Structure formats: C-alpha cells, structure tokens
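The values are calculated or read from the model by the stated rules, or taken from the named source; none is laboratory data. Predicted model, so just to flag it, every value in this text is computed and none were measured. Glycine also receives a Cβ, built like all others from the backbone with ideal geometry; neighbour counts cover every protein chain displayed.
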Amino acid sequence: MDILKLSKEVSYALRHAPHEYELELDKDGWVEVHQLLEALRETDQWRNIQEEHLFSMINTSEKKRHEILDGRIRALYGHSVPQKITKEIKQPPDVLYHGTARRLVSSIKEHGLLPKGRQYVHLSVDVETALQVGKRRDEQPTLLKINARKAWDHGTIFYIGNEKVWLADAISEKYITVC
Ligand code: HQG
C-alpha cells in the first residue's frame with residue numbers, strides 16, 4: 001500500500017472533489033469512513049483498502065492533514081469545495097508566518113493575503129514550516145511575518161486548522177512584514 005499516494009488521494013477527495021467520489025461533506029468537512037473506503041475500493045489501486053490503512057496514513061504523516069473520530073474522517077485544512085467548511089474560531093499565537101514565492105510578494109503587499117483557490121488563507125506557527133510551504137512554489141521562498149495579535153485585536157477572525165496550521169479569511173497588508 002502506497003501510503004503517500006493514499007494521503008494525496010484522500011486529500012483530493014476530502015478537500016477538493018468529494019462529488020467525484022459520490023461523497024458529501026457535512027458542514028465541518030466530515031464523511032463516514034466506510035463511505036470513503038467504499039468509494040476508494042472502486043478503483044483497482046485501492047481495491048483492498050481497510051480502515052487500518054487510513055489510520056496508518058494519519059499516524060505516519062509528518063503533517064496532521066486528516067483526522068478520524070467516531071467513524072468519520074475529514075481533512076483539517078486546504079479545502080476548495082464550493083460549500084464553506086466551518087472551522088473553529090480561536091485566538092492565534094501573537095506571530096504567525098507564511099511562506100510564498102518571490103514573484104507573489106508585490107501583489108501580497110498591495111492586496112494582503114487572500115485565500116486564492118482555497119477557502120482560507122493558510123498560516124504557519126513557525127518559520128521552518130512556512131518556508132517548506134513556500135518551497136512548493138519557489139526554491140528560495142519569501143517569508144512573511146504576520147502580526148496576528150494586532151490583526152486579532154483589530155477584528156480579523158482566525159481559525160485553527162491543526163496545532164501548526166492556522167486559517168484566516170484574509171490578512172490585510174497592514175499586518176504583514178516581508179522578512
Ligand atoms: C498566494 C499545503 C498573490 C499565497 C501547504 C500562496 C499549506 C497571493 C498562493 C496549505 C495573494 C495560494 C496551503 C495575493 C495569497 N496575491 N498571491 N494577494 N494572497 N497569495 O496552495 O498557503 O501539504 O492555496 O502566498 O503546506 O501555499 O497539501 O496556499 O502561495 O499548509 O497538506 O497564493 O497547503 O498543505 O496557494 O498552502 P495555496 P498555501 P499540504
């Protein structure tokens with residue numbers, strides 16, 4: 001079982017394309033584990049997939065992308081489905097980071113951080129994680145420092161994705177410093 005490939009397909013199904021799998025996410029992004037398993041088993045590649053493979057996908061991943069609770073599974077962040085996934089509002093750490101491509105910085109300085117193709121802007125709790133995110137788009141990514149304390153105090157809503165990933169609807173350029 002190729003667990004990395006499985007994780008990518010589960011992310012695709014639960015973040016972007018549940019309808020391709022005849023799945024319906026509830027408002028918090030959950031689906032029944034057995035429904036996901038049945039949908040995956042329809043392809044040859046995942047014919048023998050069991051719940052234990054989903055557990056090992058979650059337990060061996062360096063990022064906490066998915067969670068299973070009471071027979072249901074969901075992606076914790078990254079959604080692009082049309083129906084808005086509700087996330088828990090929470091006061092963020094005072095400082096958050098975002099890693100991005102050098103070519104995007106001038107637009108971000110002008111318009112702030114926008115969710116683009118996803119439902120939320122994604123922010124990292126530490127520099128290393130933010131740079132890893134940015135490296136997906138640029139081998140020498142730019143690090144942005146977010147004054148999350150000030151943004152929160154001034155009314156920006158933040159949501160928790162997992163312990164390392166925070167979400168926001170948008171971040172005004174007023175709270176962003178280019179490092
Ligand atoms: C950029 C992965 C121009 C933004 C990662 C980013 C993360 C702007 C891109 C998670 C902009 C959106 C999300 C503006 C934002 N003008 N560009 N005003 N505002 N952008 O992929 O944060 O590994 O949707 O800087 O690790 O890169 O899949 O967001 O470059 O946690 O679990 O628009 O996805 O997680 O790109 O990544 P994305 P992201 P996984």
From the list K90, K84, K109, K63, which residue is modelled with pLDDT under 95 and of a type in the set (K, R)?
K63
Which listed residue, of K90, K63, K84, is farther than 23 Å from T129 by Cβ and basic (K, R)
K84
Out of (1) surrounded by fewer than 18 Cβ atoms within 10 Å (Cβ to Cβ); (2) under 14 Å from the mean Cα position of the chain (by Cα), the odd one out for G155 is which?
(2)
Looking only at segment 116-142, filter to residues that are over 15 Å from the mean Cα position of the chain (by Cα) and within 11 Å of the ligand (Cβ to nearest atom); which one of those is nearest to K84 (Cα to Cα)?
R137
How many residues of segment 1-57 are exposed (fewer than 14 other Cβ atoms within 10 Å of the Cβ), among the basic types (K, R) and either more than 20 Å from the chain's Cα centre (by Cα) or outside any helix (DSSP H, G or I) (or both)? The answer is 2
Hey, does segment 61-75 have a residue that's surrounded by 14 or more Cβ atoms within 10 Å (Cβ to Cβ), near the ligand (Cβ under 9 Å from one of its atoms) and more than 26 Å from L37 (Cβ to Cβ)?
no
Segment 116-150, residues that are within 18 Å of I160 (Cβ to Cβ), surrounded by 16 or more Cβ atoms within 10 Å (Cβ to Cβ) and of a type outside the set (A, V, I, L, M, F, W, C)
R118, Q119, Y120, H122, S124, T129
Return yes when Q91 is part of a loop (DSSP other than H, G, I, E, B) and more than 11 Å from the ligand (Cβ to nearest atom) and no when it is not.
yes
Of all the strands (runs of 3 or more DSSP E) wholly in segment 118-163, which have at least 3 residues that are of a type outside the set (A, V, I, L, M, F, W, C)?
142-147
Could you list, in sequence order, all residues of segment 95-115 that are buried (at least 17 other Cβ atoms within 10 Å of the Cβ) and more than 10 Å from the ligand (Cβ to nearest atom)?
L96, Y97
